[in-house]
Amino acid sequence: MPPLHTLHPTLSPTQPPIINAPMLAIATPQLALSVTRAGGLGFIAGGFDISNLEQTLAEAATLVKNSNPSTPIPGYSSDNDDPLPLGIGFLNWGANLHQILPLLRKHTPTAVWLFAPPDPSPTENLATWAREVRAATNNRTRIWIQIGCVAEALEVAERVRPDVLVVQGSDAGGHGLARGASVISLVPEVKDALARKGLGGQIALVAAGGIVDGRGVAAALCLGAEGVVMGTRFLACSDAKISKGYRDEVLRVDDGGVSTVRTTVYDVVRGYNEWPGRYDGRGVINESYRDMQRGVGEEENRRLYKEEMRKGDAGWGPQGRMTTYAGTGIGLVREVKSAGEIVRGVVEEARGVLEGVRRW
Ligand SMILES: Cc1cc2nc3c(=O)[nH]c(=O)nc-3n(C[C@H](O)[C@H](O)[C@H](O)COP(=O)(O)O)c2cc1C
């Protein structure tokens, strides 16, 4: 497998690839393009409801087209018919592939990120998506697949042959496998398992989960990842679409191993019941979770959540009920920054950390 930056020429060969997670309703074209502009690779959220997808992709294409010619996007040229210099992430259990394909032909992204395929044949679902997306885009779109354990990584690698595996550890914010390990053991174990199957070096690995600063980036690279996905860090980003209440909660909360939890209760209260059973989501502990523990029934908990929605931003906070999906790294997120500042900042910090380690 060629290095990640040769798969995506907008990635700089001289800085560790930083990627924003395609966070549902939060990762907009503006966020994605700002990450790409800073030398990373930006992803837009496609999610499961694709009713706005055409509009979102058109917005991304317009942003790229109208980019200031005096600050070109490195590695990208519209003259060469390059794919859009950003990716798009889908939640496979709900997104309709056949409605998506014509849109990908029209506004071809550099990557498609697949996650959470439906039962009963999740790997077959991924294989179909990979085959059809590649065919529809003449192989111009790379296939990224987010996995959460070694067995899943092996099955997907052997059956689907994605270009990139996003190795998501259990510290990750938002949805992931209910049972799993953190990236500290998951990334090297996936790498070794792929090597034993003769697939080492054929599929790029990027790490996701609990990484919010340059120290985490440096650690992930040492573990064998070629790039790093950050979700929670981009919740406190001026380029992300996020309500003030949510963002303030991300800045307020610390000690993420204790203050966040993996649970399905936030899907229950919000009425998202279609996630395959092996997934749950990590979010900040709030009144919905505490009520579930106290034995409050699902219907009543849902009613209380709906009532809380009327409060707007005030629905977040220590006694709130609005969902704050976030990872265990939440306590390290202290200030709002632009996407460019985040990417450049973590790259610089990672470089410093790796230099410091070199003396050993
Ligand atoms: C608010 C939020 C929304 C997310 N939405 C999605 C999504 O729509 N699709 C997806 O593949 N992953 C989603 N994720 C998971 C990310 O892809 C990624 O694995 C995770 O953010 C990495 O962990 P971190 O949050 O600790 O950086 C989401 C994560 C968060 C925090």
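The values are calculated or read from the model by the stated rules, or taken from the named source; none is laboratory data. Keep in mind the model is a prediction, meaning the values are calculated, not measured. Cβ atoms come from the backbone with ideal geometry, glycine included; neighbour counts cover every protein chain shown. Just so you know, the surface numbers come from the protein's heavy atoms only, side chains and all, with ligands and any DNA or RNA stripped out. Shrake-Rupley method; radii C 1.70, N 1.55, O 1.52, S 1.80 Å.
Mean residue ellipticity at 222 nm, helices only, the chain: -12000 deg cm²/dmol; runs of at least 4 DSSP H residues each add -39,500 (n - 2.57), and the sum is divided by the number of residues.
The ratio of the alpha-carbon radius of gyration of the stretch 245-329 to the globular-protein estimate 2.2 N^0.38 Å is 1.02.
Near residue 138, once Lys and Arg are set to +1 and Asp and Glu to -1 for all other residues with Cβ below 15 Å from its Cβ, the sum equals +2.
Computed from label points 7 Å out along Cα-Cβ, the spacing between residue 77 and residue 124 is 4.5 nm.
Rolling a 1.4 Å probe over the protein heavy atoms gives the chain an accessible area of 43 Å² per residue. Translational D (Stokes-Einstein, µm²/s) of the chain at 4 °C and 1.567 mPa s when Rh comes from the Kirkwood sum over C-alpha pairs? After rounding, the answer is 63 µm²/s.
Dividing the convex hull volume of the alpha-carbon atoms in the stretch 153-210 by its residue count gives 78 Å³ per residue.
In the structure displayed, which of 311/337; 244/311; 65/337 lie more than 19 Å apart, Cα to Cα?
Violating the 19 Å limit, Cα to Cα: 311/337; 65/337.
Extension gain for residue 158-residue 195 works out to 12.1 nm (0.36 nm per residue, less the C-alpha to C-alpha distance). Separation of the stretch 32-62 and the stretch 87-148, taken as the distance between their Cα centroids, equals 15 angstrom.
Find the Rg to Rh ratio for the stretch 188-249, where Rh is the Kirkwood radius over alpha-carbon pairs and Rg uses the same atoms. Result: Rg/Rh = 1.15. Modelled this way, with points 7 Å down the Cα-to-C-beta line, the labels at residue 99 and residue 338 are 3.6 nm from one another.
Computed over the chain with a Gaussian network model linking Cα atoms closer than 10 Å, the most mobile of 172, 193, 116 is 193. Highest GNM mean-square fluctuation among 222, 149, 237, for the chain modelled with Cα contacts below 10 Å: 222.
The accessible surface of the chain, taken with every protein chain in place and a 1.4 Å probe, is 49 percent carbon and sulfur. In summary, the stretch 99-254 shows an alpha-carbon radius of gyration equal to 1.10 times the 2.2 N^0.38 Å reference for compact globular proteins.
Size descriptors for the stretch 118-164: radius of gyration and Dmax over Cα atoms are 10.6, 30 Å.
Remark: the Cα gyration tensor places the stretch 1-77 in the oblate category, a/c being 1.5 or greater and a/b not exceeding b/c. Working from label points 7 Å from Cα in the Cα-to-Cβ sense, the residue 296 to residue 51 distance is 2.8 nm.
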